[in-house]
Amino acid sequence: MILSEFMSKVNRWPDMHFTAIECEPRDMTHEIYAIDCTHQTMSRLLLCRTPDPQHAEEIVKRFNDWLLKSNRGRNKRRKQSDTHQRHAEKTLRELKALPTELATYHSANI
C-alpha cells in the first residue's frame, strides 16, 4: 500500500479519529488495523493483510508514521476550519447589527 491509498482509507471515516496501528495474527496471516479508541467502544479499520510476520512489523511501523502525518494534517485543517467559522460568525453578527446601527446613525443625523 502506498501513502495515498492509506490516507484515502483513513479519511473515508471523518467521524473516526484513529490513534494507533495494530497487528493481529489470524490463521496464516497478520491483519493490520487502524484503531480508534476515542468513543466508548474501540473501533478498528482493516487496512491490509500479510502472511509474513516480519513484513507485518514493517507495515505497522510505516503505517504509524503515516497515521501521525494524517493526524497532523487533520488537526491543521480543523484549526483552519475553526478560524474560518469564527470569522464567518463575526461577519454575520456584524451584518445583523448593521440595520440597528444605521437607524441609530440616521436618527442622530436628522
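Here the label points at THR19 and THR100, each 7 Å from Cα along the C-beta direction, are separated by 4.3 nm in the simple model. Residue separation of ASN109 and ASP27 scaled by 0.36 nm, minus their Cα-Cα distance, works out to 21.1 nm of gained length.
Computed from label points 7 Å out along Cα-Cβ, the spacing between LEU92 and SER4 is 3.6 nm. Computed per residue of the chain from DSSP H runs no shorter than four, each worth -39500 (n - 2.57), the mean residue ellipticity at 222 nm is -21500 deg cm²/dmol.
No lab work stands behind these numbers, since they all come straight from the coordinates. What you see is a predicted model, and the numbers here were worked out from it, not measured in a lab. Every residue, glycine as well, gets a Cβ built from its backbone with ideal geometry; the counts of neighbours run over all protein chains shown.
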